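Before any comments, here is the structure.
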Amino acid sequence: METKAPKLIATYYRVSTSTQEENQTIQTQISAVKDFADKNGCTIVQEYKDDGWSGDTLARPELDQLRVDAKKKMWEGVLVYDPDRIARRYSYQELVMDELREAGIEVMFVTTPAPKNSEDKILHGVKGLFAEYERAKITERFRMGKIRKVKEGHILTTEALYGYRYTPKKDKVHGYYEINEEEAKVVRMIFKMVGEEGMTLRGVVKRLQELKIRPRKSKRGVWATSTLSTMLRHKGYIGEAHWGKSYAVVAENPTTTEKYRKQKKTSRRDRPEDEWYTIPVPAIIDENLFNKTQEQLTRSKSFSKRNTKNEYLLSGKIWCTCGKRRCGCSPLKGKHLYYRCNNRIHTFPLPKTCDEGGINARIADKLVWQKVSGLMSSPDLLLKQAERWLNSQQSKSQDSIGDIKELEKEISKLKEQDDRYNKAYGEGLLSLDQLREYTLPVRERITAIESQILKVREKGNRIHTLGTPTRKEVENFALKASEKLQNLSFKVKREIVLSTIDKVVGDQTKLQVNGYIPVSHVAFFTEHRYSWSAKRRKEYAI
């Protein structure tokens, strides 16, 4: 039976892995979707394709663009090959589909009819829940299968450790390591340089560069000290390879803040050593040399020049004009202190590409501290910035009203989803344990959003009750601040700099300081009315 479909439609495709891309899975989807559109008299006016994106996240560039375009009424409907192409999780599917329906966009699927009424929605939901359950079962089967293979002594890897050649599974023989003699010679050489000659890692890098020995993979064609450090601590070289030492987790402090990330779990966390699996492999070096190397690495770390304690007020906050950080450098055992560009470290052992000289650390620290302390003890600037802060906060309070409305809409959607689970349980389609499993995350999310709304409203109410301090109050504070800032220890000054300065960029001729004075450093004690101590937040631009 033909489905009555909108005339102008968009299509959405997704594949989750590079293997699927290579196997042209997306082309299969496109072919099926276009056949469906032709049979139902639809005209495809826009295509959205997310290649290599997991269905476990909704933060996908093309899906986000589709959701934005839906509100612009650029087309009347969206055609997708299967619901799991939108998302693997049923709750995510419902979120996107409800959003499109609210925008007046019809959602269609090639493999299954889109739900039209309450009964269809329940059946669609049950199908999505079973799909999630089946995916979890497949994941667990893969995990148990890997453990079984590892216990039998099989190597599970995609790329061999440096010094080895990986022979993949063939017929009934599983993958295993073979020594790559050409690379093994380099491994023995590196261990002897450190363990017997006592060389530092940077010395090894320089020696390898002179010998024109390149690593297996490197854009610059030079060895990195981090690569050598990992290699020299790897027990695989004495015949003890390990599997399951760590597991993937979502990064708590990611190095990149990109909106779209194909892989969410980019960090790793170590497991307890008793949970590791040891796999015997051919040894390249003997255990005695390995132990000597570990001892030398420990000694090198304890005697490293970086362990010398010098006082750098702007450490971690100062940058070079070339875009690299500057770090403290203390020639002549600390007689002179400089902030030098890290470019020479990143390019080593190749020639540096930045010619900016070092900045005298004592002079730079003194100038920046005078600026910060001067700002904190200036009544005119404090009063001016307090008024600016209050105006900006009141403006943000108005903007938050729209945010609350969006959050309330999300709560309504989640409550509808919770009701659907309860109806499925009432119909006998879910057990009590399954009901709890699916409703608990939804209810936790509702509670979290309600708490967020409460905090936004409380913040708005607090802003409306605040007032700017009087001129006399600011002058009294500035006088006290001026007295307190005169004889502070380096530790206290460092804490103030860390909380007030975002970034210092400069060379030997000038320094550009960017930052804020957190309100935590400002406590106004009022007379003849109320008193308040502002909470810490970014405020005064330097």
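The values are calculated or read from the model by the stated rules, or taken from the named source; none is laboratory data. Quantities reported herein were computed from a predicted structural model and do not represent experimental measurements. Cβ sites come from the backbone with ideal geometry, for glycine too, and all protein chains shown count toward neighbours.
Checked against the criteria, Ile155 does not count as modelled with pLDDT under 85, part of a helix (DSSP H, G or I) and not basic (Lys, Arg). Any residue at all in segment 473-490 that's in a loop (DSSP other than H, G, I, E, B), surrounded by 13 or more Cβ atoms within 10 Å (Cβ to Cβ) and modelled with pLDDT of 80 or more? Yes, there is a match, as at least one residue in segment 473-490 is in a loop (DSSP other than H, G, I, E, B), surrounded by 13 or more Cβ atoms within 10 Å (Cβ to Cβ) and modelled with pLDDT of 80 or more.
The residues on offer are Gly402, Gly374, and the sole one that is out of contact with any Phe, Trp or Tyr (no Cβ under 7 Å at 6 or more places or on another chain), at pLDDT below 75 and part of a helix (DSSP H, G or I) is Gly402. Taking (1) assigned to a helix (DSSP H, G or I); (2) in contact (Cβ under 8 Å) with a residue 24 or more places away in the chain; (3) under 30 Å from Lys7 (Cβ atoms) in turn, Glu132 satisfies each apart from (3). Taking residues in segment 508-520 that are closer than 15 Å to Val368 by Cβ, and partners anywhere that are of a type in the set (Val, Ile, Thr) and modelled with pLDDT under 80, the pairs with Cβ atoms closer than 8 Å and at least 6 places apart or on different chains are Val513/Ile542; Asn514/Ile542; Gly515/Ile542; Tyr516/Ile542; Ile517/Ile542. Checked against the criterion of being closer than 21 Å to Asp286 by Cα, more than 34 Å from the chain's Cα centre (by Cα) and in contact (Cβ under 8 Å) with a residue 12 or more places away in the chain, the candidates Gly163, Gly198 yield just one match: Gly198.
Taken as a whole, the condition of being surrounded by fewer than 17 Cβ atoms within 10 Å (Cβ to Cβ), of a type in the set (Gly, Ala, Ser) and not assigned by TED's automatic domain parsing to the domain that holds Asn288 does not apply to Gly203. Considering segment 359-375, and only residues there that are small (Gly, Ala, Ser) and touching a residue at least 40 places away in the same chain (Cβ under 8 Å), the residue that is farthest from Asn343 (Cα to Cα) turns out to be Ser373. Residues in segment 66-97 that are modelled with pLDDT under 85 and among the acidic types (Asp, Glu): Asp84, Glu94. Note on segment 170-286: enclosed helices (runs of 4 or more DSSP H) holding 2 or more residues that are hydroxyl-bearing (Ser, Thr, Tyr) and touching a helix residue (DSSP H, G or I) at 6+ places or on another chain (Cβ under 9 Å) are 225-232.
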